[in-house]
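Report on the following structure.
The values are calculated or read from the model by the stated rules, or taken from the named source; none is laboratory data. Quick caveat, the model's predicted, so the values are computed rather than measured. Don't worry about glycine lacking a Cβ; one is built from the backbone with ideal geometry, like all the others, and counts go over all protein chains shown. To get the accessible areas, we keep the full protein, side chains included, count just its heavy atoms, and leave off ligands, DNA and RNA. Shrake-Rupley method; radii C 1.70, N 1.55, O 1.52, S 1.80 Å.
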Amino acid sequence: IPITFYSVWDRIVEFLRYEGKVTSREIGDLSYCAEASSNVQWKQLNMPLPGIDQGKREFRRPQLFRGTRMAENLLRKYTSQGQHGWPHNREAKWRLQALARGLGLPL
């Protein structure tokens, strides 16, 4: 995955945190390398995305992008655990699903 995707994804997660759609813990679970800061400021969101120099940083794949087995999916669907790695806010889930559908469209 290109480093630019990491930057764009982290910016999306930061916007969700700025709007109060995800908690500090969820931003840590959803991001590749964003700090789980409880206060994301508008000035921080207007800064340019980090570039290639970010390649020296260590990235951690969010739980959302890790593969799961069918049995694990069924257990999570029919138990109270829910989907691991997804935010608890319904609007945040909807936004991420809409983004995924949009990225899947042919160009």
Regarding residue 35, is this residue of a type outside the set (A, V, I, L, M), assigned to a loop (DSSP other than H, G, I, E, B), modelled with pLDDT under 80 and touching a Gly at 6+ places or on another chain (Cβ under 9 Å)?
yes
Considering the stretch 2-23, residues that are of a type in the set (S, T, N, Q) and surrounded by 14 or more Cβ atoms within 10 Å (Cβ to Cβ), and then whichever is modelled with the highest pLDDT, we arrive at 23
Specify the residue that is surrounded by the most Cβ atoms within 10 Å (Cβ to Cβ); the eligible residues are those in the stretch 38-54 that are over 16 Å from residue 20 (Cα atoms) and modelled with pLDDT under 70.
54
Does the stretch 77-87 contain any residue that is closer than 19 Å to residue 14 by Cα, open to solvent by 70 Å² or more (accessible area, probe 1.4 Å), at pLDDT 75 or above and not in a helix (DSSP H, G or I)?
no
Given the structure, is residue 57 more than 16 Å from residue 85 (Cα to Cα), more than 10 Å from the chain's Cα centre (by Cα) and at pLDDT below 70?
yes
Answer with yes or no whether residue 62 is modelled with pLDDT under 80 and open to solvent by less than 50 Å² (accessible area, probe 1.4 Å).
yes
